[in-house]
Amino acid sequence: MSSQMSPKVQNQIQQLQQVQQQLQTVLSQKAQYEIEIRETRRADEELADLPADATVFQSVGTVMMQKPKEAVSASLKEKVETLELRVKQLERQEQMLQGRFETLQSQVKQALEGGGQGGPSLSAT
């Protein structure tokens, strides 16, 4: 049956699969960033519970360095802001891909229901 589909419909199905894979990648990246945001916020909350004169270390590459509590806290807050911006970017990308996915899905469904198996397509797009 798939060998009888028009090349246009086969191409749309391939595009649909590619968009679906891209969407899954974006969702996975977004989830990873959201986990990292939660972990970073939790570290900052734990840091806030420490006395002001507490000895604090921060990982810098492969080295642990002693740093002032305020500097580590500021660094964690900056990291959260950066990650939140990345999440917003991914959300915009997710919305764009979702719209593209729905459009392609509708076109493929229309073509298949309208005789897209080698015959003329009823789709005006």
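Things to note:
- Extent of the chain along its three principal axes (Cα atoms, max minus min coordinate, largest first): 78, 25, 16 Å.
- Inter-label distance for Ala43 and Ala31, nm, one decimal - labels placed 7 Å from Cα along Cα-to-Cβ: 2.2
- For the range 33-87, the relative contact order works out to 48 percent when only alpha carbon pairs closer than 8 Å and six or more residues apart are counted.
- Label point distance in nm, Gln4-Lys77, each placed 7 Å from Cα along Cα→Cβ: 6.7
- Computed lengthening from Asn11 to Glu91, 0.36 nm per intervening residue step minus Cα-Cα distance: 26.1 nm
- Cβ-placed point charges (K, R +1; D, E -1), dipole of the chain about Cα centre in debye, nearest 20: 560
- The chain: calculated mean residue ellipticity at 222 nm from DSSP helix runs of at least 4, using -39500 (n - 2.57): -26000 deg cm²/dmol
- Fluctuation leader among Leu47, Leu83, Leu27 - the chain, Gaussian network, Cα springs under 10 angstrom: Leu47
Quick note: the coordinates plus some simple rules give every number you see, no bench work behind them. Given the structure is predicted, the values throughout are model-derived calculations rather than measurements. Neighbour counts are summed over all protein chains in view; Cβ atoms, including those assigned to glycine, are modelled from backbone coordinates with ideal geometry.
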